[in-house]
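The values are calculated or read from the model by the stated rules, or taken from the named source; none is laboratory data. Quick caveat: nothing in here was measured; it's all calculated off a predicted structure. Positions of Cβ are backbone-derived with ideal geometry, glycine not excepted, and every protein chain shown enters the neighbour counts.
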Amino acid sequence: MKQIASRLLATLAICGLAFMTGCAGRQGSGAGTSTGLAYRPSPGVDSPKVTLGSGRGASTFERTTASGDKYLLTPTDWRVGASTWIGTPYRTGGETRKGADCSGFAKSLYKEVAGVDIPRTTSQLWVSGKPIDVMSIRAGDLLFFSNVGAGDGITHVGVVIGEGEFAHASTSQGVRFAHHDRGYWQKRFAGARRFLP
């Protein structure tokens with residue numbers, strides 16, 4: 001019985017080590033993903049007609065690729081772009097996959113997915129974005145939250161990636177997806193801003 005327990009423990013230790021040195025242990029650099037490849041949205045991944053609920057349309061922001069092809073950003077572009085950041089640790093002042101805070105993550109994701117530079121801090125984003133009604137929220141919009149952690153006022157920002165979901169850099173869990181329309185985040189929701197047409 002002790003031999004079986006020892007073998008089981010050894011197997012679990014080896015599996016755990018393999019997992020930690022696998023994709024979870026790899027760190028991309030700059031604009032790369034965990035595979036080391038850069039993410040670039042592709043035209044035709046999703047229909048430009050995709051909506052995020054009744055009355056909400058996809059972004060009308062037209063992106064031009066290096067080859068000159070033009071396409072509209074879709075919710076899939078935002079979700080896929082944000083997914084390449086999952087697991088990035090939280091780092092105050094950071095905006096890379098080695099570590100990012102909430103506004104640094106939002107700024108970097110915007111640059112990668114939309115090719116647009118947006119302000120760096122949560123407060124700058126709050127005052128410079130176009131205020132939008134909660135019923136008009138769509139992928140790519142920024143969501144703002146108040147009284148998150150120890151701060152007062154607008155203290156957190158995330159990027160909408162789909163119906164009810166946003167991506168953000170959590171101080172305790174790093175970059176992750178969450179639902180903004182329930183629980184903790186719904187109670188702290190302060191407003192939304194748009195930076196794309």
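Could you name every one of the strands (runs of 3 or more DSSP E) located completely within segment 82-197 that has at least 2 residues being in contact with a strand residue (DSSP E or B) (Cβ under 6 Å, 6 or more places away or on another chain), among the basic types (Lys, Arg) and closer than 25 Å to Ala66 by Cβ? Show your work before the answer.
Working: elements: 130-132, 142-146, 154-162, 165-170, 174-179, 189-194.
Output list is empty.
The C-beta contact set for segment 139-158 (first residue within 20 Å of Phe195 (Cα to Cα), second residue exposed (fewer than 14 other Cβ atoms within 10 Å of the Cβ) and of a type in the set (Val, Ile, Thr), distance under 7 angstrom, 6+ apart or interchain) is empty. The combined condition, being surrounded by fewer than 23 Cβ atoms within 10 Å (Cβ to Cβ), within 26 Å of Pro197 (Cα to Cα) and at pLDDT 95 or above, is fulfilled by Glu112.
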